[in-house]
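The structure appears below as C-alpha cells.
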Amino acid sequence: MQVEKALDLLSSQNLIYLLFALLMFTGVVFLMNTVSAFKHKYKPISNLNTKTEQKFYLVLKSMFNGHQFDIAQKVRLADIILPRNPKDITSFNKISRKHIDFVITDSKTSKILCAIELDDRSHLTPSALKRDKVKNIALKSAGVTFFRVKTGTNYSQQINMILADLSNSSIGYKKEKRTKSNMGSSCPNCNSIDYKKINMKWPNKGKSYFECSDCSFTTVPITENQLKAKDSPWYNPKLFRKN
C-alpha cells in the first residue's frame, strides 16, 4: 500500500515537472519566433534630411544665429497641435501620422513660435496636396503660424520674411547684444568681408538688410532711419562714409 502511494506521489511530481518544462519550452519558442519576426525587416536611414532639406536647414540655422531660437526637425504634427475635444479620435488620426519639416521654438522656454514646411516637387502629387491641405487647415485652426517655402527659390529672402514676421508679431524675439568689435564692415557671423547691404523692393521698399555671400548670414530687414541710428545693433558707419 505504501509502495502504491509512493508511486502515485512520484507520478504527480513528474506530471508537474513535465507541465513546467512544457510551458518553458513554449515560452522559449514564442520568444524566438517573435525575435525572428522582426529580424531583417528594418534598416537604418543614413540621413534625417534629404539633400534639399539639409541645404535649407543650414541656411536657416545660419540666419537664425544670434536669436533665441531652436530649430526642431521632422516634428510630428500631433506634437504641435491636438484636437480641442480629447475624445475626437477622428481629428487626432488625421494628424497623428503627419509631420512638419521644421518647427521654430523659443530656446529658453521651448514655446512653439512657428512651423515651416519645405515644398518640393513631391508636394505636387494628389496625395501630397491632400496631406498639405490637412496641415494648412489644422495649423490655422490651432492658431499656429505656418510658412511654406518653395525649393529652388531665394531661401535668404524667404527666411528674412519669416524673421520679420516674428519680430512684428506678438510672439517677438530677442537678438544677442552685439559689441563694437563685430559691427564693422565684415560679417558678424564668419568675419567675411563679402558682407553687403541689400535694398528691398516692393512691398518692402524702404527697408534693407545685410547679407553675407560666404555663410548666408542675413540681418532682419529694417528702415534706413533705423539703420543709421547709432544705437542700432546694425549701425555701420563705414557704409555711410562719404567718398
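The values are calculated or read from the model by the stated rules, or taken from the named source; none is laboratory data. Quick caveat, the model's predicted, so the values are computed rather than measured. Positions of Cβ are backbone-derived with ideal geometry, glycine not excepted, and every protein chain shown enters the neighbour counts.
General remarks:
- Scanning the range 79-89 for residues that are in a strand (DSSP E or B) and either in the same structural domain as VAL134 (by the TED database) or at pLDDT below 85 (or both) turns up nothing.
- Qualifying residue in the range 195-209 (condition: β-branched (Val, Ile, Thr), surrounded by 14 or more Cβ atoms within 10 Å (Cβ to Cβ) and at pLDDT 70 or above): yes
- Cross-chain or 6+ apart pairs with Cβ under 6 Å, the range 56-71 first and of a type in the set (Val, Ile, Thr), then modelled with pLDDT under 90: VAL59/TYR155; VAL59/SER216
- LYS111 farther than 21 Å from ASN168 by Cβ and either of a type in the set (D, E, K, R) or surrounded by 19 or more Cβ atoms within 10 Å (Cβ to Cβ) (or both): no
- The criterion of being within 30 Å of LEU163 (Cβ to Cβ) and among the basic types (Lys, Arg) does not hold for ARG97.
- Hey, LYS180 of a type in the set (Lys, Arg), over 23 Å from PHE147 (Cβ atoms) and either at pLDDT 70 or above or surrounded by 14 or more Cβ atoms within 10 Å (Cβ to Cβ) (or both) or not: no
- Scan of the range 116-137 for residues that are crowded, with 16+ Cβ neighbours inside 10 Å and in contact (Cβ under 8 Å) with a residue 40 or more places away in the chain, ordered by number: ILE116, LEU118, LYS135
- For SER110: the one exception among (1) in a loop (DSSP other than H, G, I, E, B); (2) at pLDDT below 90: (2)
- Residues (part of a loop (DSSP other than H, G, I, E, B) and more than 11 Å from the chain's Cα centre (by Cα)) located in the range 49-78: THR50, PHE64, ASN65, GLY66, GLN68
- Test: residue in the range 87-95 that is farther than 29 Å from VAL220 by Cα and either among the aromatic types (Phe, Trp, Tyr) or within 13 Å of the chain's Cα centre (by Cα) (or both): yes
- The set of residues in the range 131-160 that are in contact with a strand residue (DSSP E or B) (Cβ under 8 Å, 6 or more places away or on another chain) and in a helix (DSSP H, G or I) comprises ASP132, LYS135, ASN136, LEU139, LYS140, TYR155, SER156, GLN158, ILE159, ASN160.
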